[in-house]
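Colleague: This is the structure I have questions about; it appears just below.
Just so you know, all these numbers are worked out from the coordinates, no wet-lab data involved. Computed from a predicted model, the values in this text were never measured in an experiment. Quick reminder, even Gly has a Cβ in these numbers, built from the backbone with ideal geometry, and neighbours come from all protein chains shown.
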Amino acid sequence: MSDTTIAVDAGRIVADVFPDLSVRFWRALDGAGKIPRGFKIGGSTRKMWRLADLRRWADWGFPARPDFERLLHACNVGATQSPKSRQAALTADNRTFVPVYATAGGGSV
């Protein structure tokens, strides 16, 4: 993918980003709410995903869509929120979401 690409379809995602997955499996993950929400442009039937969302999703440890959207919302409004209310958004439903970062050795930090 080039540096100017901002959105990709399922075929491009599995070919370039997750080559061990099939398009069918990616769509099943989408239907189950396990990946970030995609979008359609105009009357198109082809679903696309923002690369920025996919990068964030990976950085945050591949959370399910509801958790990803909660984290994304907390980050987007974080600049105008107090640290206490930001933490409340992240710990909604009595769950704490901690981003997981993979290290070069395959472990996590």
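Colleague: Taking the Cβ-Cβ separation of R24 and C75 as r and a Förster radius of 22 Å, what is the calculated FRET efficiency to the nearest 0.05?
Modeller: Details: r = 31 Å, r/R0 = 1.42.
Using R0 = 22 Å, I get an efficiency of 0.10.
Colleague: List the residues whose amide H sits under 5 Å from the amide H of G61, counting only those 5 or more places along or on another chain, with H placed 1.01 Å from N in the peptide plane.
Modeller: HN-HN under 5 Å from G61: V100.
Colleague: Would you calculate the separation in nanometres between label points at D9 and K34, each defined as 7 Å from the Cα along the Cα-to-beta-carbon direction?
Modeller: Reported label-point gap for D9 and K34 is 2.3 nm.
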